[in-house]
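Colleague: Before I ask anything, here is the structure I am working with.
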Amino acid sequence: MARYEQQRNFLKSNFLEFKHIKTDKAKGLPKPPAIKSYDPLSIIIDLPRIREDIVKKQSIYECIKGRRSTRLYSKESLTLSELSYLLWATQGITGTNKGGLMLRTVPCSGATHTFETYLLITRVEGIQQGVYRYLPVEHQLLFMHELNEMNNKIDAITLDQPFVPNFAKRAAVVFAWSTTPYRSEWKYDISAHKKILIDVGHVCQNLYLASESVDAGACAIGIYDQKLIDEVLGLDGVEEYVLYLGAVGKKQK
């Protein structure tokens, strides 16, 4: 049992220890940027505005009841409006509070929002296959690059899935959420990392429920090749790295 001890302790609250730490915020150090910058000359795609009529299953009860990890997908594409809705549901900005903190569609510890959303798109109407990043402030997609042998690359990234092998490459989109830990460390120091893991769970659950509401299916992926996915997305693996994946596709009829 000794080999479990460190990780079990990580799951516990360390608030009493944290209370005696002077955080970088308390030291007056500059707050890290809340949003990752990008080259304004990049290829930018406007996403359709969010409309309630995109939702086919309006009852939250029915969405919760029907939610399953879906690993079998049809060859049908997602529409751009559906992708727009899924991005909004998982990381969309809904306003700011009195303190100027950004509010989103998911809860987040202290509104630190350490995540960036990347997409490996294979089947979305009107969108070429490739790697993209979501720009939540503008509600736009930033095209990053094409990905040669995309299906094989997704296979390599998602390693050996225990229930349905190679299912991720059959999805219409693979979401990849990265974290920039210092956005939370600046405020929460040693308490940041547990909070980050809790918060990414909120994000993925919204993906499940939003997918269910448009007759699509989602499946979270926690088994992946860390080095490869970070390389594909151009992340340094230290200050920013992928934390969680989620595959989405239309359900088989």
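FYI, it's all coordinate maths here, none of it is from the lab. All of these numbers come straight from a predicted model, not from anything done at the bench. Virtual Cβ from ideal backbone geometry, glycine too; neighbours counted across all protein chains shown.
Colleague: Suppose the chain between LEU103 and LYS253 were pulled fully straight at 0.36 nm per residue; how much longer would it get relative to their current alpha carbon spacing?
Modeller: Values: separation 150, 0.36 × 150 = 54.00 nm, distance 3.67 nm.
Gain in length upon complete extension: 50.3 nm.
Colleague: Can you pull out the GluC sites (Glu not before Pro) in the stretch 105-168 that DSSP calls coil and that have at most 16 other Cβ atoms within 10 Å?
Modeller: Details: sites: GLU116, GLU125, GLU138, GLU146, GLU149; in loops: GLU125, GLU138, GLU146, GLU149.
Those that pass, being in a loop and sparsely packed, are GLU125, GLU138, GLU146, GLU149.
Colleague: Now for a different question. Stretch GLU17-HIS145 to full length: gain in nm at 0.36 nm per residue minus the Cα-Cα span?
Modeller: On the way: separation 128, 0.36 × 128 = 46.08 nm, distance 4.42 nm.
So the chain would gain 41.7 nm between GLU17 and HIS145.
Colleague: Provide the per-residue ³J(HN,Hα) series for the stretch 188-205, in order, calculated from phi with Karplus coefficients 6.51, -1.76, 1.60 and θ = phi - 60°, each as a whole number of Hz, with x at glycine and proline positions.
Modeller: In residue order, the calculated couplings are 10, 6, 5, 8, 5, 6, 5, 4, 4, 5, 4, 5, 5, x, 4, 4, 5, 5 Hz.
Colleague: Suppose the chain between ASN166 and SER42 were pulled fully straight at 0.36 nm per residue; how much longer would it get relative to their current alpha carbon spacing? If you can, show how the numbers build up before the last one.
Modeller: Details: separation 124, 0.36 × 124 = 44.64 nm, distance 3.19 nm.
Computed gain between ASN166 and SER42 is 41.5 nm.
Colleague: May I ask you to evaluate 6.51 cos²θ - 1.76 cosθ + 1.60, the Karplus curve with θ = phi - 60°, for each residue of the stretch 60-74 and list the ³J(HN,Hα) values in order in whole Hz, giving x for glycine and proline?
Modeller: 5, 4, 5, 5, 5, 5, x, 5, 9, 6, 9, 10, 10, 10, 7
Colleague: I'd like to know which of LEU245, PRO136, SER74 lies farthest towards the positive end of the charge dipole of the stretch 59-250, counting +1 on Cβ of Lys and Arg and -1 on Cβ of Asp and Glu.
Modeller: SER74
Colleague: Amide H to amide H, which residues 5 or more places from ILE221 or on other chains are under 5 Å from it, using H placed in the peptide plane?
Modeller: LEU245, GLY246, ALA247
Colleague: Using alpha-carbon positions, what is the distance between the centroids of the stretch 85-111 and the stretch 137-177, in Å?
Modeller: 25
Colleague: Name the chymotrypsin sites (Phe, Trp or Tyr not before Pro) in the stretch 1-53 that are in a loop by DSSP and that have at most 15 other C-beta atoms within 10 Å, would you? Mind dumping the intermediate values first?
Modeller: Details: sites: TYR4, PHE10, PHE15, PHE18, TYR38; in loops: TYR38.
Hits after loop and neighbour filter: TYR38.
Colleague: Further, regarding this structure: Go through the stretch 118-128 residue by residue and turn each phi into a ³J(HN,Hα) via Karplus (6.51, -1.76, 1.60, θ = phi - 60°); whole Hz please, and just put x for glycine and proline.
Modeller: 10, 10, 9, 9, 10, 9, 10, 4, x, 10, 6
Colleague: Same structure again: Ignoring everything except DSSP H segments at least 4 long, calculate the 222 nm mean residue ellipticity for the chain; use -39,500 (n - 2.57) per segment, divide by total residues, nearest 500. Can you show the working numbers first?
Modeller: Numbers: 8 runs with 75 residues, N = 253.
Using -39500 (n - 2.57) per qualifying helix, the result is -8500 deg cm²/dmol.
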